[in-house]
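All remarks here apply to the structure that follows.
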């Protein structure tokens, strides 16, 4: 089997897609409570490593469930929501764009790319991972659905199967070119003046 499973069809990321996976509590893949907890984790980690957060990029921000809790927890930071879906950009006012092509100026202290890259083919996903290194000057919070997650961790009823399933190491090898892995989804930009203890990081 190749590192990337073939997608069935191109997804429209339209109103019906978000109704099923985000708005309808019977089929939603996540909850506000879960995303609030995730925002608390992200904000606490940036404080732990001593990163002053002035600019946040939420790449593939979706319905924006991280925005309100992050703005409360990091009140001095400017939040930028980047989204490919024209439906969501029209509804919420996000910047429309794709993470593999986006150029943000100035760069961002904190970049979040959560549950996005499994929707990109291998070439686009590799470009996106490289671009994260250009966009992030401090902390990256990254996660994507992997083959193992699909087999062991996710709820297949609530999780979109129309994705590219890769092994986790496919992402790690590419992220390590620009970042040091800490764990729990956190990566530090190489060269950033941020310190974690040896037993707090993978490398």
Problem - Members of segment 97-111 that are farther than 16 Å from residue 128 by Cβ and surrounded by 15 or more Cβ atoms within 10 Å (Cβ to Cβ) - result: 109, 110
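In this structure, is residue 5 in contact with a helix residue (DSSP H, G or I) (Cβ under 8 Å, 6 or more places away or on another chain), crowded, with 19+ Cβ neighbours inside 10 Å and either over 28 Å from residue 198 (Cα atoms) or modelled with pLDDT under 95 (or both)?
Judged against the criteria, residue 5 is not a match.
Evaluate segment 104-121: report whether one residue or more is part of a loop (DSSP other than H, G, I, E, B), modelled with pLDDT under 95 and within 23 Å of residue 63 (Cβ to Cβ).
The answer is yes, given that some residue of segment 104-121 is part of a loop (DSSP other than H, G, I, E, B), modelled with pLDDT under 95 and within 23 Å of residue 63 (Cβ to Cβ).
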Practice task
For segment 132-139, state whether one or more residues are in contact with a helix residue (DSSP H, G or I) (Cβ under 7 Å, 6 or more places away or on another chain), more than 26 Å from residue 173 (Cα to Cα) and outside any loop (DSSP other than H, G, I, E, B).
Solution key: no
Practice task
Go through the residues of segment 162-171 one by one and say whether even a single one is within 19 Å of residue 131 (Cα to Cα), touching a residue at least 40 places away in the same chain (Cβ under 8 Å), loosely packed, with under 13 Cβ neighbours inside 10 Å and out of contact with any helix residue (DSSP H, G or I) (no Cβ under 6 Å at 6 or more places or on another chain).
Solution key: no
Exercise for the section: Check residue 44 against each of (1) free of Cβ contacts under 8 Å to residues at least 60 places away in the same chain; (2) buried (at least 19 other Cβ atoms within 10 Å of the Cβ) and name the one condition it does not meet. Expected result: (2)
Problem - Whichever residue in segment 8-23 is assigned to a loop (DSSP other than H, G, I, E, B) and either touching a strand residue (DSSP E or B) at 6+ places or on another chain (Cβ under 7 Å) or surrounded by 11 or more Cβ atoms within 10 Å (Cβ to Cβ) (or both) and, among such residues, is modelled with the lowest pLDDT - result: 11
Problem - Conditions (1) modelled with pLDDT under 95; (2) on the phi > 0 side of the Ramachandran plot; number of the one not met by residue 50 - result: (1)
Practice task
Hey, can you tell me all the residues within segment 154-203 that are assigned to a helix (DSSP H, G or I), over 18 Å from the mean Cα position of the chain (by Cα) and closer than 24 Å to residue 39 by Cα?
Solution key: 199, 200
Handout entry: Pick from segment 71-109, criterion in contact with a helix residue (DSSP H, G or I) (Cβ under 6 Å, 6 or more places away or on another chain) and in contact (Cβ under 8 Å) with a residue 40 or more places away in the chain, ranking: farthest from residue 15 (Cα to Cα)
Key = 107
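The values are calculated or read from the model by the stated rules, or taken from the named source; none is laboratory data. Keep in mind that what you see is a predicted model, and the values were worked out from it rather than measured. Positions of Cβ are backbone-derived with ideal geometry, glycine not excepted, and every protein chain shown enters the neighbour counts.
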